[in-house]
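Heads up, the thing below is written out as structure tokens.
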Amino acid sequence: MNAAPEAGLAPTRARMLRDAADQATQILADAQREADAIAAQARQDAERTVALAGAAGRAQAVPQAAAVRRQARRDAQSALLAAQCEAYGELCARVRVGVDGLRGEPGYERLLEALTRMARLEAGPGATVAASEDGGVVARSPGVLVDCSLPRLANLAVEALQQEVQELWAP
């Protein structure tokens, strides 16, 4: 393999990595703001529900109030989990759209060539490499499948952000 073509890909690869990192940072910031807003609303709703539960408990009975508070906490937790799920889904969708957008980039053919080389190397001798209808490539050899399709690469990008995503949910 000649080092000159690989060196020629370095600026494109670096730009694509910078763009992906910038986009991931923006997505994480947007997701954090959205998660914070949803969590604040869920807390307000929960506080309102707990306040109402307290008044109802005083008016009716202590055991009934405790049950209402438990339900309010469950509802608040459910709302928070739903908000987290929604934010995570939005992150995944944005990453997929961003990765799918690579197909229209000028360096996409070089990316395909690099993915083809990597997939063939990982799949081993005698591997066949085919373009994926979703973009990227898939390599196959007996007992081996190497998926370098764009959707798989998007999933790997999200998995690589797991630590940052987990920090979104930390108190």
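The values are calculated or read from the model by the stated rules, or taken from the named source; none is laboratory data. Please read all numbers here as calculations on a predicted model, not as lab measurements. Ideal geometry is used to build each Cβ from the backbone, glycine not excepted, and the neighbour counts take in all protein chains shown. Areas reflect the complete protein model, heavy atoms only, side chains present, ligands, DNA and RNA absent. Shrake-Rupley method; radii C 1.70, N 1.55, O 1.52, S 1.80 Å.
Before we move on, is Leu168 open to solvent by 30 Å² or more (accessible area, probe 1.4 Å), within 19 Å of Ile27 (Cα to Cα), at pLDDT below 95 and part of a helix (DSSP H, G or I)?
Working: open to solvent by 30 Å² or more (accessible area, probe 1.4 Å): no; within 19 Å of Ile27 (Cα to Cα): yes; at pLDDT below 95: yes; part of a helix (DSSP H, G or I): yes.
Spelling it out, it is not the case that Leu168 is open to solvent by 30 Å² or more (accessible area, probe 1.4 Å), within 19 Å of Ile27 (Cα to Cα), at pLDDT below 95 and part of a helix (DSSP H, G or I).
Against the conditions (1) part of a strand (DSSP E or B); (2) touching a Gly at 6+ places or on another chain (Cβ under 6 Å), where does Ala65 fall short? Just the number, please. The one condition Ala65 does not meet is (1). Residues in the stretch 31-60 that are modelled with pLDDT of 75 or more, over 30 Å from Val165 (Cα atoms) and open to solvent by less than 90 Å² (accessible area, probe 1.4 Å): Ala51 only. Set side by side, the residues Ser78, Ser141 differ, and just one is without any contact (Cβ under 8 Å) to a residue 12 or more places away in the chain and of a type outside the set (A, V, I, L, M, F, W, C), which is Ser78. Within the stretch 108-137, residues that are touching a residue at least 40 places away in the same chain (Cβ under 8 Å) and under 21 Å from Arg96 (Cβ atoms) sit with their Cβ atoms under 9 Å from residues that are open to solvent by 70 Å² or more (accessible area, probe 1.4 Å) and in a helix (DSSP H, G or I), at 6+ positions apart or across chains, in these pairs: Leu111/Arg13; Ala114/Arg13.
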